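This report refers to the structure that appears directly beneath it.
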Amino acid sequence: MTEPGAPRARSRSDLRRQRRPRSHRCWDHLLLAPLWPKHDANLGTLLRTCDAVGACLVVPREAWVRRAVEKGNTLRRRSCVHRVPDPLRWLEAQRRAGSRLLAVELADEAIRLGDLPAARQRTVVLLGHESDGVPPEALALADDVVEIPMIGTGLSLNVAVAGSLVAYKLAGML
């Protein structure tokens, strides 16, 4: 028996009634772009985050990436995934079209995650290679850079964790 006033976990049926009844076609407002992935498990995690915050995933058009996204789609339904053949050319086109390019990277003049405002315009979040980060030529295209402060001894967070934190903040959910 539950104590009066005690927190009650919501049931699956409660959650289904409160959330979107089906997957979206494309929100096209917030895009997570791990364009230089190294580990396939991170792509599945980011796809789940995209669904949770109403974003789309943008990945390179490579066979192993396609398989990784399909394998990692634990939602068991079609998700919003854009596949691009040339990441730098795609980023240049996004910038010309007026999208804000936000790189997640350790850099001078970076915005601290806590100070990052919710996205007010179409925003592409650049997520770099797990070891090498965002390539310099892509970083040069970025309008802003956000960093996630850390106290520990590691240099950075896993790309799926970092991308998820930034996505929630940009979606105004943190």
> With (1) in a helix (DSSP H, G or I); (2) more than 13 Å from L32 (Cβ to Cβ) as the list, and S164 as the residue in question, which single condition is left unmet?
Replying inline: (2)
> Could you list, in sequence order, the residues of segment 118-137 that are small (G, A, S) and part of a loop (DSSP other than H, G, I, E, B)?
Replying inline: A118, A119, G128, S131
>> On the basis of being touching a residue at least 12 places away in the same chain (Cβ under 8 Å) and assigned to a loop (DSSP other than H, G, I, E, B), does L106 make the cut?
In response: yes
> Can you tell me which residue in segment 62-92 is nearest to V125 (Cα to Cα), limited to those that are basic (K, R) and surrounded by 13 or more Cβ atoms within 10 Å (Cβ to Cβ)?
Replying inline: R83
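One line per residue, one yes/no per condition, for (1) within 14 Å of P37 (Cα to Cα); (2) within 14 Å of the chain's Cα centre (by Cα); (3) among the basic types (K, R):
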{"site": "C56", "(1), (2), (3)": "no, yes, no"}
{"site": "R89", "(1), (2), (3)": "no, no, yes"}
{"site": "G98", "(1), (2), (3)": "no, no, no"}
{"site": "L102", "(1), (2), (3)": "no, yes, no"}
{"site": "D108", "(1), (2), (3)": "no, no, no"}
{"site": "D132", "(1), (2), (3)": "yes, no, no"}
{"site": "P136", "(1), (2), (3)": "no, no, no"}
>> I need the full set of residues from segment 105-160 which are surrounded by 14 or more Cβ atoms within 10 Å (Cβ to Cβ), hydroxyl-bearing (S, T, Y) and more than 23 Å from R89 (Cα to Cα), in order please.
In response: S156
> So, of the residues in segment 138-160 that are in contact (Cβ under 8 Å) with a residue 40 or more places away in the chain and part of a helix (DSSP H, G or I), which turns out to be nearest to the chain's Cα centre (by Cα)?
Replying inline: A160
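Where a number appears in this text, it was derived from the coordinates with a stated rule and is not lab data. These figures come from a predicted structure and were not determined experimentally. Please note: Cβ atoms are built from the backbone with ideal geometry, for glycine as well, and neighbour counts cover all protein chains shown.
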